[in-house]
Every structure is written in structure tokens, then in C-alpha cells.
Amino acid sequence: MNALKHLLLAITGCGLMSFAGGVLAQETPAAAPAGVKLVEAKAVQDLQAKGALIVDTRKAGEFAEGTIKGAISVPYDPEKSAKDVSFDASQDKFDMSKLADKSKDIVVFCNSGTCWKSYKAAITLAKNGYKNLHWYRNGFPDWKARKLPTE
């Protein structure tokens, strides 16, 4: 009877751990997708100074609460696809009409490594022929923590 009790506790514990793991946000890959360069805050500043377009892919409400100074809002929203490298972009909405110049340097960002919006946007842009793409994986929280210009 005691062995059965331990077995049931072990099974219950594994189930709870699996559930908790599913609730935690999955991290985006540490490497940039094909055709995209992974950049840090300093590179974002340098690119912006040279005329790069800084694209905030977060929801419009998040953009309104604060963003990188000079960034434009192009929300990857609604984001219905899986938070996974094999996501199906046809389930999501991303309006690229504000990004007409496919040869311009473009930096996409969102809310750090657990936010998939900028990762998915970078892949979507690359698949649509954009050439000079940069992904700021650490995103707006990192920018704010560094006390860089916001608006």
C-alpha cells in the first residue's frame, strides 16, 4: 500500500511539473533565423543613427505605453500561431505595408526572449524578400534597463 501511495504521488508530481512547464513561456531561439542578424542595443543605436527603421512588433497598446525613441509600430497581432520555430504565419497578422523598402535596414523587437512577435516578424519579412534584417532579441525591457532613449 505504501509503494502505491508513493507511485501516485510521483505521477501527480510529474503531471503538475508538466502543467507548470506548459504555462511558462517558451524562449525564442538564441540564434537569429536565416537571413536575419541578431543584434544588441549598441548595434540598434548604430543602425538607427544610419537611418535604419526600428520596428516595434508588440501590440499597439504596449507601443503607446512606451517604445524605443523613433520606432514605428507594426504589430505582429493577432499572434495565433504556436510559439515555436515551425509556426504557421498564415494564422497571424503582420501588415508589412509600412515597410515598403525591402533593401532598407530594419530592426525588429518586442518584449525579450520570451516574446515571439519579433522573431516571427523577422522570419516573415525574410520570406517576403526583405534583405537587411536585424533582430533585437532582448527587446524593449533591455533598452529601458540600459536607460536608452524612449518615448
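Where a number appears in this text, it was derived from the coordinates with a stated rule and is not lab data. Only a predicted model underlies this, so the values are computations on that prediction, with no experimental measurement involved. FYI the Cβ positions are ideal-geometry reconstructions off the backbone, even for glycines, and counts take in every protein chain you see.
Once the Cβ-Cβ distance between Glu65 and Ala31 is put in as r, and R0 is 35 Å, what FRET efficiency do you end up with, to the nearest 0.05?
That gives a FRET efficiency of 0.75.
For the pairs Lys50/Lys117; Lys98/Lys144; Lys83/Lys117; Lys37/Lys117; Lys42/Lys69, flag any whose C-alpha to C-alpha distance is greater than 19 Å.
Lys50/Lys117; Lys98/Lys144
In whole percent, what relative contact order does the range 26-145 give with Cα contacts below 8 Å and a gap of six or more residues? Walk me through the intermediate numbers first.
Numbers: 230 pairs, mean separation 41.3, N = 120.
34 percent.
What ³J(HN,Hα) values, in whole Hz, does the Karplus curve 6.51 cos²θ - 1.76 cosθ + 1.60 give for the range 133-141 when θ = phi - 60°, with x put for Gly and Pro?
Karplus-based 3J(HN,Hα) across the range 133-141 equals 9, 9, 10, 8, 4, 6, x, 4, x Hz.
Return the percentage of antiparallel bridges among DSSP beta bridges fully within the range 26-145, rounded to the nearest 5 %.
Antiparallel: roughly 5 percent of the beta bridges in the range 26-145.
So what are the ³J(HN,Hα) numbers for the range 115-126, from phi and the Karplus equation (6.51, -1.76, 1.60; θ = phi - 60°), rounded to whole Hz, Gly and Pro as x?
Using θ = phi - 60°, the values come out as 9, 8, 4, 6, 4, 5, 4, 4, 5, 4, 5, 4 Hz.
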